[in-house]
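The values are calculated or read from the model by the stated rules, or taken from the named source; none is laboratory data. Quantities reported herein were computed from a predicted structural model and do not represent experimental measurements. For neighbour counting, all protein chains shown are included, and Cβ atoms are generated from backbone atoms with ideal geometry for every residue, glycine included. To get the accessible areas, we keep the full protein, side chains included, count just its heavy atoms, and leave off ligands, DNA and RNA. Shrake-Rupley method; radii C 1.70, N 1.55, O 1.52, S 1.80 Å.
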Amino acid sequence: MKMKRNKKSRRTRRYLRLFALLLLLFTAQGGNVVFYRSRILLPFTLHFSESYLLLAPGDSFPLEINGMLLQTEFASSRSMVASVTQNGIVRAWKPGKTIITATIQNRNGKKISCMVQVAQLNRTELTLAEGKSARLFLRGLGLLPLDIRWKSRDTDVASVSLFGRVLAVAEGTTVVTATVRGKTFACTVTVIPD
């Protein structure tokens with residue numbers, strides 16, 4: 001009986017060590033341990049260099065398949081929002097959401113995908129009289145307003161609320177920015193006398 005417990009405890013310790021080693025290997029990135037990933041991508045599995053992209057109209061981004069040279073065929077579910085070349089370069093056209101899919105020919109038609117959202121501010125220039133207000137918002141994102149960080153470079157000229165409402169304070173010009181998921185969108189606000 002004592003022998004069985006010893007074997008069980010040794011086996012349990014081995015599994016725990018193996019789990020800790022795997023956790024360390026597959027979650028460490030540049031010295032920072034990442035615990036928020038929804039899935040662990042093993043180095044030998046096929047996946048895009050990015051699983052999600054946020055772009056502005058006119059932006060382009062090269063998608064790569066984890067460094068392998070494979071015969072692939074790229075496609076976009078909504079090419080009016082963002083298109084993709086056969087080299088994997090994604091080009092954003094107008095606000096919306098699309099899925100880029102790569103079909104890998106020499107892997108029996110295996111498919112991998114990347115979600116692309118294209119966002120744009122409703123205005124890039126805004127002129128307001130002192131004391132007046134207007135609302136800015138991002139087109140193409142299905143996010144709550146709290147996910148967007150609004151900021152005014154000069155709050156003496158114009159201030160902005162958490163929900164994108166711009167209030168003209170005094171005469172002058174400033175830039176109001178909206179930052180979401182590391183991408184910044186800007187609007188030039190000019191305040192004129194009332």
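Below is a table of values for the structure above.
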| read-out | value |
| --- | --- |
| 23 Å tail of the calculated P(r), the stretch 50-149, as % of Cα pairs | 38 |
| Cα→Cβ-extended label distance, 7 Å offset, between Ser133 and Arg10, nm | 7.2 |
| Relative packing of peptides 180-186, 112-118, 48-54, 92-98 - highest average C-beta neighbours within 10 Å first | 112-118, 92-98, 48-54, 180-186 |
| Sequence-distant residues sharing a close amide H with Lys110 (under 5 Å, placed H) | Ile104 |
| Residues listed by number, the stretch 128-143, amide nitrogen under 16 Å from Glu171 label point at 7 Å toward C-beta | 128-132 |
| Rg and Dmax of the stretch 86-194, Cα atoms only, in Å | 18.8, 67 |
| For the stretch 82-192: relative contact order, % (alpha-carbon pairs under 8 angstrom, 6 or more apart) | 22 |
| Accessible surface of the stretch 99-157, 1.4 Å probe, proportion on carbon and sulfur as whole % | 42 |
| Solvent exposure ordering (accessible area, 1.4 Å, most first) of Asp147, Asp156, Asp59 | Asp156, Asp147, Asp59 |
